[in-house]
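Novice: Sharing a structure below in structure tokens format, with a few things to ask.
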Amino acid sequence: MPPSLPFAFAERRATAQPRDAAFYQDPYAFYTALHGHSPSFVWENYGHWCFAGFKEVSALLRDKRFGRQILHVASREELGWPPPNPLTRDFDLTEKYSLLSLEPPDHTRLRMLVNRAFVSRNVEQLRGRIEALANELIDAFEGSGRVELLKNFAAPIPAVVIAEMIGVPRDMAMQLVAWSNRMVQMYIFGVTEATMLDANQASIEFMDYVRTLIAERRRQPREDLLTHMLTAGEDGQKLTEEEVISTTILLLNAGHEATVHTTGNAVKTILESGLDARSLFATAGQTEATVEECLRYDAPLHMFTRYALQPVELEGGIELRKGDVIGLLLGAANRDPRRFSHPDRFDPFRADGANVSFGAGIHFCIGAPLARIELQTALSTLFRRLPTLRIGELPHYNNVYHFHGLERLVVEW
Ligand code: HEM
């Protein structure tokens, strides 16, 4: 391997520094090498097994011997973990009862109670609202000939939509984005104490705000998801106040972060491809296929981890102890040459586009139908309204490897 590449291999081990700009600007070079070398490997910098193959990632996401949580089957002492960090007490509290931190039976109960709002036939009704919002945002900058698209278009759409669904006033939407941006800093590799304190402070402010909103809804119920979460379910199946707070914050955060970055990555991909945008959004079916290919080609979330809930032996003699972590590389699985023909080619007309960008198994993205409608509507409206759209400044990806999104996207027309 030439020394200039930001990664190296030996046996079934690989080294690649997630904080190295050369790496996170283009993790795909690493993935291509992995697929040719050893798609199941120990990633030295993380110190655990990782999986890049499509088949392996899909299967492990569904494998009940693994969980996003381990503390329901083992104590911290047993796992050799240090006590919880007091600096992130409030941040940890926002996550404690969220769907992403729970496993059955609690996960099943919580997911059932919020799922109804997100099923396709319900979110389908939002298409008109999303289109109006997209048009309104484009109206505001159309005359300028140049705009930073993430802040002025990609972020407000999913933020306003999820805020309105939950019952948060629209003028609070961008405040939610600000809290969420500070909180997701906790997921960067090698997080500093200053970041922890800031993320914790953002969590305190966010929780206080949601508590005020909950008190309002208890006094005066409305037709919104927050009221639904407070009232839904039989006795014993109801959500506790902590669960409502955690779920609200998770929905508000997850409800925009990944969609914003998918929009930015998609616009960049389409413009760089040189393909005629009119053909990519010519029909409803083609628009769906284009969005799927954008999700496959440049996914916004590249790695999720799981804990082995019991000792597990995987194919290839991989032995895991209870509590061991594995990394599932969604961005790499989407480029697996064993699954996709010409995986590194952006081809919105391909027939084999089904990807793992929304995950799989019990934690499969609850917002996938909503995100798809948001992306289909936002992208088709943008390219219809601004047919001469082009990139105005060379875009760069954020320095957080597994949240693969752009810092800024300046476009002109
Ligand atoms: C393009 C946009 C999106 C992408 C790529 C995405 C991706 C994902 C992925 C990969 C997971 C599974 C994580 C795991 O298995 O460890 C997930 C879970 C989740 N997503 Fe999304 N998401 C997107 C948009 C949304 C939206 C719009 C919402 C909100 C309404 C949302 C809410 C959630 C929630 C609540 C979970 C946890 C589900 C559970 O644990 O049962 N996501 N998402």
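The values are calculated or read from the model by the stated rules, or taken from the named source; none is laboratory data. None of these values were measured; they are calculated from a predicted model. Methodologically, a virtual Cβ is constructed for each residue, glycine included, from the backbone with ideal geometry; neighbour enumeration extends over all protein chains shown. Keep in mind that these areas ignore ligands, DNA and RNA; they rest on the heavy atoms of the full protein, side chains included. Shrake-Rupley method; radii C 1.70, N 1.55, O 1.52, S 1.80 Å.
Novice: Nearest 0.05, what FRET efficiency do Asp276 and Ala194 give at R0 = 56 Å with Cβ-Cβ as r? Can you show the working numbers first?
Specialist: Details: r = 47 Å, r/R0 = 0.84.
Calculated transfer efficiency: 0.75.
Novice: Which net charge results when you count Lys and Arg as +1 and Asp and Glu as -1 among the other residues whose beta-carbon is under 15 Å from that of Pro343?
Specialist: Values: positive: Lys55, Arg296, Arg335, Arg338, Arg339, Arg345, Arg350; negative: Asp26, Glu292, Glu293, Asp298, Asp336, Asp344, Asp347, Asp352.
Surrounding charge for Pro343 is -1.
Novice: Also, quick follow-up: Summing +1 for each Lys or Arg and -1 for each Asp or Glu, what net charge is found among the other residues whose Cβ lies under 9 Å from the Cβ of Asp224?
Specialist: Numbers: positive: Arg217, Arg222; negative: Glu164, Glu223.
With Lys, Arg at +1 and Asp, Glu at -1, the neighbours total 0.
Novice: Right, another one. With n ≥ 4 as the cut-off for DSSP H runs, can you work out [θ] at 222 nm for the chain, using -39500 (n - 2.57) per run divided by the number of residues, rounded to the nearest 500? Let's see the in-between values first.
Specialist: Values: 18 runs with 194 residues, N = 413.
Only helices count here, giving -14000 deg cm²/dmol.
Novice: Quick check on packing: order 176-187, 222-233 by the mean number of other C-beta atoms within 10 Å, highest mean leading. The partial results should precede the final answer.
Specialist: Details: 176-187: 18.3, 222-233: 16.8.
Put in order of decreasing packing, that is 176-187, 222-233.
Novice: Which of Ala333, Ala132, Ala194 moves most in a GNM of the chain, Cα contacts under 10 Å?
Specialist: Ala194
Novice: What residue among Glu242, Glu293, Glu319 shows peak mean-square fluctuation when the chain is described by a Gaussian network model with Cα springs under 10 Å?
Specialist: Maximum among the listed residues: Glu319.
Novice: Same structure, new question: Please list the helices of the chain that count as membrane-span-like by this rule: a mean Kyte-Doolittle hydropathy of at least -1.0 together with Cα atoms stretching 30 Å or more along the helix axis, each helix being a complete DSSP H run. It would help to have the intermediate numbers written out before the result.
Specialist: Working: long enough: 193-219 (39 Å, -0.42).
Taking the DSSP H segments of the chain (at least 30 Å long, mean hydropathy at least -1.0), we get 193-219.
Novice: Using a cut-off of 21 Å between alpha-carbon atoms, which lysines can reach Lys151, once sequence neighbours fewer than 8 places away in the same chain are excluded?
Specialist: Straight-line reach from Lys151, under 21 Å: Lys268.
Novice: How far is it, in nm, from the label point at Ala29 to the one at Leu230 when both lie 7 Å from their Cα along the line to the Cβ?
Specialist: 5.4 nm
Novice: Turning to a different aspect of this structure: What net charge do the residues around Gln201 carry, taking every other residue with its C-beta under 13 Å from that of Gln201, with Lys and Arg at +1 and Asp and Glu at -1?
Specialist: Working: positive: Arg89, Arg182; negative: Asp90, Glu193, Asp198, Glu205, Asp208.
Around Gln201, the surrounding residues sum to -3.
Novice: Starting from the Cα of Arg222, step 7 Å along the direction of its Cβ; do the same at Ala178; then give the gap between the two resulting points in nm.
Specialist: That separation, rounded to one decimal, is 2.1 nm.
Novice: Give the shape of the stretch 356-405 as rounded, prolate or oblate, defined through the alpha-carbon gyration tensor: a ≥ b ≥ c are the square roots of its eigenvalues, a/c under 1.5 means rounded, and otherwise the shape is prolate if a/b is larger than b/c and oblate if not.
Specialist: Numbers: a/c = 4.52, a/b = 1.35, b/c = 3.33.
Because a/c hits 1.5 or more and a/b fails to exceed b/c, the stretch 356-405 counts as oblate.
Novice: A further question follows. Accessible area of the stretch 16-124 with a 1.4 Å probe: how many percent of it is carbon plus sulfur? Don't skip to the answer; put the middle values down first.
Specialist: Numbers: 2910 of 5360 Å².
Reported share for carbon and sulfur atoms: 54 percent.
Novice: Could you order peptides 248-257, 64-73, 84-93, 32-41 by the average number of other Cβ atoms within 10 Å of their residues, highest first?
Specialist: Details: 248-257: 23.8, 64-73: 16.9, 84-93: 15.0, 32-41: 18.4.
The most tightly packed comes first, giving 248-257, 32-41, 64-73, 84-93.
Novice: Is the stretch 149-220 rounded, prolate or oblate when judged by the Cα gyration tensor, a ≥ b ≥ c being the square roots of its eigenvalues, rounded requiring a/c under 1.5 and prolate requiring a/b larger than b/c? Before the final figure, lay out each step's value.
Specialist: Working: a/c = 3.23, a/b = 1.31, b/c = 2.47.
Verdict is oblate for the stretch 149-220.
Novice: Follow-up. Running a GNM on the chain with Cα contacts under 10 Å, which residue among Phe349, Phe281, Phe206 ends up with the highest mean-square fluctuation?
Specialist: In this elastic network of the chain, the residue with the biggest mean-square fluctuation among Phe349, Phe281, Phe206 is Phe349.
Novice: If packing is taken as the average number of other Cβ atoms within 10 Å across a peptide's residues, how do 211-221, 336-346 rank, most packed first? Please list the in-between numbers first.
Specialist: Details: 211-221: 13.3, 336-346: 15.5.
Ranked from most to least packed, the peptides come out as 336-346, 211-221.
Novice: Now a separate question. What does the accessible area per residue of the chain come to in Å², with a 1.4 Å probe and no ligands, DNA or RNA counted? Could the numbers behind the result be given before it?
Specialist: Values: 18580 Å² over 413 residues.
Ligands and nucleic acids excluded, the figure is 45 Å² per residue.
Novice: Now for a different question. Positive end of the charge dipole of the chain (Lys, Arg +1 and Asp, Glu -1 on Cβ, about the Cα centre): tell me which of Leu79, Ala215, Ser273 has its Cα farthest that way.
Specialist: The Cα lying farthest towards the positive end belongs to Ser273.
Novice: May I pose another question? Once each part is reduced to its C-alpha centroid, what is the distance from the stretch 216-268 to the stretch 296-316 in angstrom?
Specialist: Cα centroid of the stretch 216-268 versus Cα centroid of the stretch 296-316: 26 Å apart.
Novice: Could I ask something else about it? At what distance in nm do the modelled label points of Ile391 and Met112 sit from each other, each positioned 7 Å from its Cα along Cα→Cβ?
Specialist: 4.8 nm
Novice: Checking the a/c ratio against 1.5 first, then a/b against b/c, what shape does the Cα gyration tensor give for the chain?
Specialist: oblate
Novice: Quick check: at a probe of 1.4 Å, how many percent of the accessible area of the stretch 158-200 sits on carbon and sulfur atoms?
Specialist: Numbers: 1060 of 1780 Å².
Exposed carbon and sulfur together represent 60 percent of the surface.
Novice: Roughly to the nearest percent, how much of the accessible area of the stretch 280-385 is carbon and sulfur, given a 1.4 Å probe? Write out the running numbers ahead of the final one.
Specialist: Values: 2060 of 3940 Å².
Here it works out to 52 percent.
Novice: Considering only C-alpha atoms, what is the centroid distance from the stretch 317-377 to the stretch 129-207, in Å?
Specialist: 24 Å
Novice: Could you order Arg19, Arg170 so the one with the most accessible surface comes first? Probe is 1.4 Å.
Specialist: Details: Arg19 130, Arg170 100 Å².
In descending accessible area the options line up as Arg19, Arg170.
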